[in-house]
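**Q** Let me give you the structure first, and then I'll get to my questions.
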Amino acid sequence: MDTADLIASFVASVLTIMVLSYLIGDNPLFKIAMHLLIGVAAGYVGAVAVHNVLIPGLIEPILDAISDTGFAGLLDPELIVSVIVPLVLVILLFLKVAPATARYGTVSMVLLVGVSAAVIVGGAITGTLVPLTLDSMDSLNPSVVNQLTGESGIERMLNVIIVLVGTLTTLFYFRFTVRKTDVETPFAIVGGVKVPGPLTVFKGVGKGFIAVTFGVMYAGAVAATLIVLAERVQFIWDTLTGMIDSIG
Amino acid sequence: MCGTPNHGDAEECTNCGARLKPLDVSGSSEDSEEWLDRIRDEAEETPTAGQSGSAEPDGGDDFGSDFDEPAAPEAGSAGASQTESSEGDVPEWLQRIREKEAEEPSVSDEPAPEDALRAAAVAQAVDEPMEPQASDEPPPEDALRAAVSEAEEESKQPGDLAASLDKPAEDEFIPAQESESASEPEEESPEWLEVMENEEPESEGDLPHVPALIGGAEDSGDEELGDLGLPDWLGEVEPLEDEPEAKAPDGTDLAPATLPNWLEAMRPVDTFRSVVEIEPEDDQAVESVGPLAGLSGVLLAEPVVAMPRTSSVGSMQLDVSERQYAQAELLHKLVDEEEQESPAVPKRGTRLAVFRWAIAAVVLIAVSLPVITGSPSFALPSLEPRELGALYSLVERIPAEQPVLVVFDYEPGYAGELEAVSGAFLDQIMGRGLLMASMSTRPTGPALALHAVEPFVDDHGYENGQDIVHLGYLSGGPTAVQLFAINPREAVLEGFALPEEMQESGISVWETPVLNDVEVLSDFGMVAVITADSESARVWAEQARPNMDDKPLVVVLSAGAEPLIRPYFESDDPKVGGILAGLPAAVAYELRNGRAGLAQERWDAFGTAMLAAELVLLAGAGYGILIWWRGRNPA
């Protein structure tokens, strides 16, 4: 580990400890680390946007056109469509900075939001909603074999039933559930014990599926966090040992 | 006024204080000013024929017709001459008198001096209030008396007006219809006239009773004034106190005097009554200062001016129901609570901080022990996830001439996990010598990509620009992903971290050996998305997958995002061809690769930390159960 890497690792280790100091509460070390992180990230993002997007996408084509054919090159239809119009939209969007001129940026915002919404909704319908809805209505034929997982027979049928019940009861819980204030008439009363009706049963099963799903997600988040913590501890230990070795 | 029953002798209502009996005009002149002013005001407001023209008072039809064609008095009596002088101002009832006078000679020639006197007096007296008077003029009752005495004096003169008046006064105040009938030809004397002729002169007690205008006035002259068909404005005077309770014409009892609700609401409530009360004369204070010094019974200005009282203008009695009152009280209570400073919540931080520090210490120690001491160590997983085999096979089947696109869509905070999880996957790809291109839809992604592939570039001898290129940052979110899926070369114009010689020579990233043959997305042998966000993986599955033909889409996920992406993988028409999530799967991948990597390096720390976390969760659950049990069984 050379000196530059050692210094960088040392600074990174100190910043890591400053962030972890939030364990004792909000303190100046944590705030300094946060402000430094946000500032560096913003500066880096700005630099990437300028060097990776604006210059190659807007500036360079115009300069190339001018250098090749003079200002007449700006009248090239392809350049107008691909560069000039986007440049105008960017300028209009930039006018959003000032309240007095913010209304001129509405055109760019409308185009941005409208196109994004169309793309996202279209993709969600064709890529998620329809395929996954069809997948929840899978065949119960035990001879069918899942191509990816290789499941077949009883195992696959069991999985298909679980998916079907989970889908229906979850939808039932969210959309067709009874209101909290409404008390469903018990299906039966056996020995003084009320047997809940089907609506209550479906609602409870759907709630159970949702709870299991969130539990799995929470467990995954905890696992991911522990991996990150282990990586940070390993990094700090490596830095310390590296510094000790370099000193020694 | 309020309808409350009061004693018969009571002058004011015990509830609302309204006067139950009319003012006694026989009292002091100050007491009579009120009704006099009212009479004067109404008289002034009553338009006379000569002043208003088209405006007509009550009974204006008769009056108007009579005014247009005034009856010429045939007899030159004094009364008639007086009425002529004020013909333009005479009211209806007086006009009828004049008409009667004009017609009387044809009915009867018998003189009736006293009646004529009365008529003349009434005509003079009643006419006077109709005219604007100076403030020093006598009140109307005085004028009436004066007029009566004046007429009596005139009746003593020869050739007086009595010669032209032959009927009793009551005949002169017959209704208008009767008056008209009286003007019939002489030979057709009306029935009533014949009856009257046969009757003796009626006494005063037999006259039609009309409540006296002036309460307490005992003289007959005033009492007779009421018989003269007083105009409406005079009839509004309330009956005398000794008069029986008023009855409706049909005999039904009149409702007690009540105020309309709106007027009752405007009435001042206890405004001056409790402040200014007329005290007995002996108790009245003697004014000591000012021009009224020495006088007793002077109204004190101080209580009126200085004492607080209810405003007569704004004093409104609101009709508030109980519900409205309750809501008002609730609102008042809410406002009061808002103004109150909420007590400081006692901090429970001490106990929580202890718990927090204890848990943090346990986890830190659990993570640090394997890193520092190398123990405890956990056995590597002997089982691997079912989908791992499919992914491994997928990478093995990628054609060698087709590059692999790896998308690094995660933030720096997740680099510690995803670099360990994706390490084996990248190791397999680069171990096969496949060309690789990296990209990111996040600004920080390109730098993370460089950091993630750096160890494998050195291990497998990859050269930047020749075996691996970095497309850099793809801005625009889902829209840009779709654009990149349709036409990658238009979406990404310039690479990231290209070798200097390529930049100097102006070689684009698309002109490098890695991407030289790539025109569309399906030209890549595989697209792999490394992300900690399920949203990013879903965007690539929705927007890019339709343009990949049969080429697989692989996602490398953080453990927390796996449940939301797995349905795309396990469906019959999978949008995701391979999935890799979690450190155990990564360790298994490394084992399958036969090369230890970051996953195995962190396996012990991860295992210890997970064990500590599970113990903490169990301890928390046990503590909760204990609290619950103690709550149910306090003993």
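**Q** Looking at the stretch B:547-556, can you tell me whether even one residue there is more than 27 Å from residue A:236 (Cβ to Cβ) and facing chain A (nearest Cβ under 9 Å)?
**A** In the first step, residues of the stretch B:547-556 are kept if they are more than 27 Å from residue A:236 (Cβ to Cβ); the result is B:547-555.
Restricting the remaining residues to those that are facing chain A (nearest Cβ under 9 Å) gives none.
Checking the stretch B:547-556: not a single residue is more than 27 Å from residue A:236 (Cβ to Cβ) and facing chain A (nearest Cβ under 9 Å).
**Q** Has the stretch B:519-527 got any residue that is at pLDDT below 95, outside any helix (DSSP H, G or I) and over 26 Å from residue B:492 (Cα atoms)?
**A** no
**Q** Next up: Any idea how many residues of the stretch A:202-235 are more than 7 Å from every other protein chain (Cβ to nearest Cβ) and either among the hydrophobic types (A, V, I, L, M, F, W, C) or within 18 Å of residue B:586 (Cα to Cα) (or both)?
**A** Of the residues in that region, 10 qualify.
**Q** Of the residues A:67, A:82, A:139, which is surrounded by 13 or more Cβ atoms within 10 Å (Cβ to Cβ) and of a type in the set (Gly, Ala, Ser)?
**A** On the way: A:67 fails: surrounded by 13 or more Cβ atoms within 10 Å (Cβ to Cβ); A:139 fails: surrounded by 13 or more Cβ atoms within 10 Å (Cβ to Cβ).
Testing whether each residue is surrounded by 13 or more Cβ atoms within 10 Å (Cβ to Cβ) and of a type in the set (Gly, Ala, Ser) leaves just A:82.
**Q** Scan the stretch B:476-515 residue by residue and report those that are touching a residue at least 12 places away in the same chain (Cβ under 8 Å) and of a type in the set (S, T, N, Q).
**A** If the condition is that a residue be touching a residue at least 12 places away in the same chain (Cβ under 8 Å) and of a type in the set (S, T, N, Q), then B:482, B:487, B:508, B:512 are the ones that fit.
**Q** Taking the stretch B:434-452 as the region of interest, how many residues are away from chain A (no Cβ under 11 Å), in a loop (DSSP other than H, G, I, E, B) and under 28 Å from residue B:603 (Cβ atoms)?
**A** So the answer is 1.
**Q** Next question, about the same structure. Assess whether residue A:125 counts as being in a helix (DSSP H, G or I) and exposed (fewer than 13 other Cβ atoms within 10 Å of the Cβ). Give the derivation first.
**A** Working: in a helix (DSSP H, G or I): yes; exposed (fewer than 13 other Cβ atoms within 10 Å of the Cβ): yes.
Taking the combined requirement at face value, the residue satisfies it.
**Q** In the stretch A:102-138, what residues are at pLDDT 90 or above and farther than 25 Å from residue B:544 by Cβ?
**A** Residues satisfying the conditions are A:102, A:103, A:104, A:105, A:106, A:107, A:108, A:109, A:110.
**Q** Has the stretch B:395-413 got at least one residue that is assigned by TED's automatic domain parsing to the domain that holds residue B:515, touching a Gly at 6+ places or on another chain (Cβ under 9 Å) and assigned to a helix (DSSP H, G or I)?
**A** Yes.
**Q** What number of residues within the stretch B:460-513 are part of a helix (DSSP H, G or I) and either out of contact with any Leu (no Cβ under 8 Å at 6 or more places or on another chain) or outside the structural domain of residue B:428 (by TED's automatic domain parsing) (or both)?
**A** Total satisfying the criteria: 15.
**Q** What is the number of the single condition among (1) crowded, with 22+ Cβ neighbours inside 10 Å; (2) without any contact (Cβ under 8 Å) to a residue 60 or more places away in the chain that residue B:520 does not meet?
**A** All conditions pass for residue B:520, except number (1).
**Q** From the residues in the stretch A:147-174 that are polar (S, T, N, Q) and facing another protein chain (nearest Cβ under 9 Å), which one is farthest from residue B:539 (Cα to Cα)? Break it down stepwise before answering.
**A** Taking the stretch A:147-174 and keeping what is polar (S, T, N, Q), we get A:147, A:149, A:152, A:159, A:167, A:169-170.
Next, only the ones that are facing another protein chain (nearest Cβ under 9 Å) stay: A:147, A:149, A:159.
Details: A:147: 24, A:149: 23, A:159: 26 Å.
Among residues in the stretch A:147-174 that are polar (S, T, N, Q) and facing another protein chain (nearest Cβ under 9 Å), the one farthest from residue B:539 (Cα to Cα) is A:159.
**Q** Restricting attention to the stretch A:89-107, does a residue exist that is away from chain B (no Cβ under 11 Å) and in contact (Cβ under 8 Å) with a residue 24 or more places away in the chain?
**A** Looking through the stretch A:89-107, at least one residue is away from chain B (no Cβ under 11 Å) and in contact (Cβ under 8 Å) with a residue 24 or more places away in the chain.
**Q** Regarding residue A:170, is this residue in a helix (DSSP H, G or I), free of Cβ contacts under 8 Å to residues at least 12 places away in the same chain and either at negative phi or polar (S, T, N, Q) (or both)? Before the answer, list the steps.
**A** Working: in a helix (DSSP H, G or I): yes; free of Cβ contacts under 8 Å to residues at least 12 places away in the same chain: no; either at negative phi or polar (S, T, N, Q) (or both): yes.
It is false that residue A:170 is in a helix (DSSP H, G or I), free of Cβ contacts under 8 Å to residues at least 12 places away in the same chain and either at negative phi or polar (S, T, N, Q) (or both).
Residue by residue, here is whether (1) within 11 Å of chain A (Cβ to nearest Cβ); (2) aliphatic (A, V, I, L, M) holds:
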position	(1), (2)
B:541	yes, yes
B:558	yes, no
B:594	no, no
B:597	no, no
B:610	yes, yes
B:616	yes, yes
B:626	no, yes
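The rows are residues; the columns are (1) surrounded by fewer than 24 Cβ atoms within 10 Å (Cβ to Cβ); (2) under 60 Å from the mean Cα position of the chain (by Cα); (3) of a type in the set (Lys, Arg).
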{"site": "B:401", "(1), (2), (3)": "yes, no, no"}
{"site": "B:411", "(1), (2), (3)": "yes, yes, no"}
{"site": "B:414", "(1), (2), (3)": "yes, yes, no"}
{"site": "B:421", "(1), (2), (3)": "no, no, no"}
{"site": "B:424", "(1), (2), (3)": "no, no, no"}
{"site": "B:439", "(1), (2), (3)": "no, yes, no"}
{"site": "B:445", "(1), (2), (3)": "no, yes, no"}
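**Q** Next question, about the same structure. Can you list residue pairs whose Cβ atoms sit under 7 Å apart, with the first residue in the stretch B:562-573 being more than 7 Å from chain A (Cβ to nearest Cβ) and the second being hydroxyl-bearing (Ser, Thr, Tyr) and buried (at least 18 other Cβ atoms within 10 Å of the Cβ)? Count only pairs 6 or more apart in sequence or on different chains.
**A** Going by the 7 Å Cβ cut-off, the qualifying pairs are B:564/B:534; B:565/B:534.
**Q** Could you say whether any residue in the stretch A:196-204 is charged (D, E, K, R), more than 25 Å from the chain's Cα centre (by Cα) and closer than 26 Å to residue B:584 by Cβ? Spell out how you get there, then give the answer.
**A** Filtering the stretch A:196-204 down to residues charged (D, E, K, R) leaves A:203.
Retained after the next criterion (residues that are more than 25 Å from the chain's Cα centre (by Cα)): A:203.
Remaining after also requiring closer than 26 Å to residue B:584 by Cβ: none.
Within the stretch A:196-204, none of the residues are charged (D, E, K, R), more than 25 Å from the chain's Cα centre (by Cα) and closer than 26 Å to residue B:584 by Cβ.
**Q** Please enumerate the residues belonging to the stretch B:383-395 that are surrounded by 10 or more Cβ atoms within 10 Å (Cβ to Cβ), of a type outside the set (Gly, Ala, Ser) and out of contact with any strand residue (DSSP E or B) (no Cβ under 9 Å at 6 or more places or on another chain).
**A** At the first step, the residues of the stretch B:383-395 found to be surrounded by 10 or more Cβ atoms within 10 Å (Cβ to Cβ) are B:384-395.
Now narrow it down to the ones that are of a type outside the set (Gly, Ala, Ser): B:384-388, B:391-392, B:394-395.
Selection gives B:384, B:386.
**Q** For the stretch A:116-131, give me each residue that is under 20 Å from the mean Cα position of the chain (by Cα) and hydrophobic (A, V, I, L, M, F, W, C).
**A** Result: A:117, A:118, A:119, A:120, A:121, A:124, A:125, A:129.
**Q** Further, regarding this structure: Just a yes or no: is a residue in the stretch A:37-51 out of contact with any Ser or Thr (no Cβ under 6 Å at 6 or more places or on another chain), within 22 Å of residue A:235 (Cβ to Cβ), not in a helix (DSSP H, G or I) and not charged (D, E, K, R)?
**A** no
Yes or no, residue by residue, for (1) under 60 Å from the mean Cα position of the chain (by Cα); (2) buried (at least 18 other Cβ atoms within 10 Å of the Cβ); (3) within 14 Å of chain A (Cβ to nearest Cβ):
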position	(1), (2), (3)
B:461	no, no, no
B:484	yes, yes, yes
B:488	yes, yes, no
B:492	yes, yes, yes
B:499	no, no, no
B:505	no, no, no
B:509	no, yes, yes
B:516	no, no, no
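**Q** Of the residues that make up the stretch A:139-146, is at least one closer than 30 Å to residue B:414 by Cα, in a loop (DSSP other than H, G, I, E, B) and either modelled with pLDDT of 90 or more or at the interface with chain B (Cβ under 10 Å from one of its Cβ atoms) (or both)? So that I can check it myself, show each step before the final result.
**A** Taking the stretch A:139-146 as the starting set, the residues that turn out to be closer than 30 Å to residue B:414 by Cα are none.
So far as the stretch A:139-146 goes, no, none of its residues is closer than 30 Å to residue B:414 by Cα, in a loop (DSSP other than H, G, I, E, B) and either modelled with pLDDT of 90 or more or at the interface with chain B (Cβ under 10 Å from one of its Cβ atoms) (or both).
**Q** Please indicate, with yes or no, whether at least one residue in the stretch B:564-571 is outside the structural domain of residue B:371 (by TED's automatic domain parsing) and more than 58 Å from the chain's Cα centre (by Cα).
**A** Let us first name the residues in the stretch B:564-571 that are outside the structural domain of residue B:371 (by TED's automatic domain parsing), namely B:564-571.
Still in the running and more than 58 Å from the chain's Cα centre (by Cα): none.
For the stretch B:564-571, residues outside the structural domain of residue B:371 (by TED's automatic domain parsing) and more than 58 Å from the chain's Cα centre (by Cα): absent.
The values are calculated or read from the model by the stated rules, or taken from the named source; none is laboratory data. In this text, all values refer to a predicted model and were calculated from it rather than measured experimentally. Positions of Cβ are backbone-derived with ideal geometry, glycine not excepted, and every protein chain shown enters the neighbour counts.
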